[in-house]
Amino acid sequence: MMATKMQNTVTIKLNLGHLQHNYALLKQRAPASQVFAVVKSDAYGHGLLNIAKALPAADGFALIQLEDAIALRNAGIAQPILLMAGINDAQEVAAARARQLTVVVHHRDHLALIRASGAQPPLRVWIKVNSRMNRFGFDATDVLQVLRTLQAMPDIRVAGLMMHFPSADQLDQELDAQWKSFRELVAITHLPFSAANSAALLRDARTHGALVRSGAALYGINPLPGEDRFGLRPVMRFEARLIAVTNLAAGESVGYEGRFVAERAMRIGVVGCGYGNGYPATAATGTPLSIAGVRTRIVGKVAMNVIFIDLDAVPHAQVGDWVSLWGDGVVRIEEVARNAGLSAAAIDCGMSRKQAVPS
Ligand SMILES: *Cc1c(COP(=O)(O)O)cnc(C)c1O
C-alpha cells in the first residue's frame with residue numbers, strides 16, 4: 001500500500017532560469033576567462049542533459065566520464081568539452097579525437113596512449129600539475145619535459161597548464177604555497193592556465209586564468225563559508241508530501257530506535273521521503289525544512305522513505321500538503337548539508353536519476 005503511494009510523494013524541480021542566472025553571474029565575475037560548466041556526476045545530480053541543454057551560452061562543459069561526453073555530442077551539444085580525469089586507453093583517445101573533446105594529460109602513460117591513438121583529427125590537451133591533493137598530475141619538475149614531448153607530436157595542441165585546489169576553505173594558504181610554484185611554471189612556459197573551481201572563482205580573481213571550471217556555484221551552492229551568497233540561486237527544489245499527521249504525548253517517541261522523545265505534547269508530520277529518495281540519511285533532529293513558507297525541523301531518525309517533522313509551527317498542515325526540503329528560498333541545501341555532516345554537492349549527487357524535471 002505504502003509503495004504505490006510513496007511514488008507520488010516526491011518531486012524534484014529544476015529552475016533553469018536560476019541556472020542561467022548563476023552562469024551569467026559567474027561569467028560576470030570572471031569576464032576575461034572562459035567559464036566551463038562542470039557537469040560530472042550527472043550534473044551534480046541535476047541530470048546531464050537537462051543542464052547542458054539549458055546552457056547554450058556556456059563556454060564549454062567539463063566532466064569525467066567519456067560516455068557522458070559522447071552523450072552530450074549525441075544530443076547535439078557543440079560547445080567545447082573537457083574530460084577532466086584523463087584517458088584510460090588508446091580507443092578512448094581516438095573517441096576523444098573524433099568528437100573534438102579536450103583531454104587532461106596527468107600521467108606519463110598518457111603520452112603512449114596518445115601516440116597509439118593515431119594522428120587525426122588533432123587533439124587538444126591540458127597538462128595537469130600535481131596539487132597537494134596528490135590525486136593526479138605531474139610534479140613541477142617533470143612538467144617541462146612532458147610539455148616538450150607533447151609539443152613534438154604534430155597532432156597535439158597544448159591548451160595550457162591545469163591545477164586544482166584541494167580545499168576551498170584553505171584557499172588562502174593554498175594560494176601562498178602551491179599556487180606560487182604553479183605560477184612559476186606558467187611564467188616559464190608562457191602557457192594559459194586553468195586553476196579555479198567555484199570557490200576560487202568567487203574568492204580570488206588571480207586564480208581565474210584562461211579557463212574556470214565551476215560546478216557547485218553553477219547549481220546555486222555557495223562554495224564558501226559565510227552568509228554572502230554572491231547572488232547565487234538554488235537550481236534544485238526538492239519537495240515531498242505529508243502522508244500522515246499524528247499527536248505525541250510528552251515522553252512518547254517517534255521513528256526507528258525511538259531516537260526522538262517529545263518533551264511535551266506535540267503534533268508530528270510524517271513526510272513521504274527518506275534516504276531512498278535522496279534525503280540525507282545522516283540529517284539530525286533539527287535539520288530545517290519548510291511548509292507554506294514556514295520553517296520547521298525534522299525530528300528523529302531518517303528512514304528509507306519517511307522522515308518525521310515538528311508541526312508545532314504549522315498547526316494547519318494536513319495530509320497531502322507539500323513540504324519543501326530545500327531550494328524554495330526558505331531553506332537552503334547548505335543548511336541541510338551542515339546538519340547532515342555532508343557537503344551540499346554530495347547531497348545533490350544523491351538525487352541523481354530521480355526524475356528531476358525542468359520547470
Ligand atoms: C569537480 C571539479 C571542479 C568543480 O568544482 P566545484 O567546487 O564544484 O566548482 C573543478 N575542477 C575539477 C578538476 C573538478 O574535479
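Considering only the stretch 289-299, I want to know if a residue exists there that is in a helix (DSSP H, G or I), open to solvent by 40 Å² or more (accessible area, probe 1.4 Å) and either in contact (Cβ under 8 Å) with a residue 24 or more places away in the chain or at negative phi (or both). No, the stretch 289-299 contains no residue that is in a helix (DSSP H, G or I), open to solvent by 40 Å² or more (accessible area, probe 1.4 Å) and either in contact (Cβ under 8 Å) with a residue 24 or more places away in the chain or at negative phi (or both). Among the residues of the stretch 125-141, those identified as surrounded by fewer than 19 Cβ atoms within 10 Å (Cβ to Cβ), of a type in the set (A, V, I, L, M, F, W, C) and either at pLDDT 95 or above or within 13 Å of the ligand (Cβ to nearest atom) (or both) are M133, F136. Restricting to the stretch 44-58, name every residue that is touching a residue at least 60 places away in the same chain (Cβ under 8 Å) and closer than 14 Å to R213 by Cα. Result: Y44, single match.
Within the stretch 7-59, the set of residues being farther than 30 Å from M304 by Cα, of a type in the set (D, E, K, R) and within 16 Å of the ligand (Cβ to nearest atom) comprises K27, R29, D59. Filtering S352, S343 for residues that are within 16 Å of the ligand (Cβ to nearest atom) and open to solvent by 30 Å² or more (accessible area, probe 1.4 Å) leaves a single hit, S343.
What residue, among those in the stretch 142-174 that are of a type in the set (A, V, I, L, M), open to solvent by less than 10 Å² (accessible area, probe 1.4 Å) and more than 20 Å from P122 (Cβ to Cβ), is farthest from the ligand (Cβ to nearest atom)? For the stretch 142-174, the residue satisfying everything is V143. Comparison of A62, A116, A69, A112 shows that the only residue that is touching a residue at least 24 places away in the same chain (Cβ under 8 Å), more than 16 Å from the ligand (Cβ to nearest atom) and among the small types (G, A, S) is A116.
A quick yes/no check of all residues on (1) surrounded by 15 or more Cβ atoms within 10 Å (Cβ to Cβ); (2) in a strand (DSSP E or B); (3) among the acidic types (D, E):
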site	(1), (2), (3)
F61	yes, yes, no
E92	yes, no, yes
A112	no, no, no
R115	yes, no, no
A119	no, no, no
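Looking across the stretch 221-235, the residues that are within 14 Å of the ligand (Cβ to nearest atom) and either free of Cβ contacts under 8 Å to residues at least 12 places away in the same chain or among the aliphatic types (A, V, I, L, M) (or both) come down to I221, L224, L232, V235.
Of all the residues in the stretch 208-237, those that are at pLDDT 95 or above and among the aromatic types (F, W, Y) number 1.
So for the stretch 75-88 (the condition being in a helix (DSSP H, G or I), on the phi < 0 side of the Ramachandran plot and of a type outside the set (D, E)), does at least one residue qualify? No - not one qualifying residue is present in the stretch 75-88. Taking the criterion of being near the ligand (Cβ under 10 Å from one of its atoms) and either assigned to a loop (DSSP other than H, G, I, E, B) or within 13 Å of F36 (Cβ to Cβ) (or both), the residues of the stretch 190-202 that qualify are S194, A195, A196, N197, S198, L201. How about the stretch 237-251: which of its residues are open to solvent by 10 Å² or more (accessible area, probe 1.4 Å) and in contact with a helix residue (DSSP H, G or I) (Cβ under 8 Å, 6 or more places away or on another chain)? Passing the criteria: only I243. Among the residues of the stretch 43-57, at least one is closer than 26 Å to A205 by Cβ, open to solvent by less than 10 Å² (accessible area, probe 1.4 Å) and β-branched (V, I, T). Within the stretch 203-220, if we keep just the residues that are open to solvent by 10 Å² or more (accessible area, probe 1.4 Å) and touching a Pro at 6+ places or on another chain (Cβ under 7 Å), the residue that is farthest from the ligand (Cβ to nearest atom) turns out to be A210.
The values are calculated or read from the model by the stated rules, or taken from the named source; none is laboratory data. All values derive from a computational prediction rather than experimental measurement. Please note: Cβ atoms are built from the backbone with ideal geometry, for glycine as well, and neighbour counts cover all protein chains shown. Note: areas computed on protein heavy atoms with side chains; ligands, DNA, RNA excluded. Shrake-Rupley method; radii C 1.70, N 1.55, O 1.52, S 1.80 Å.
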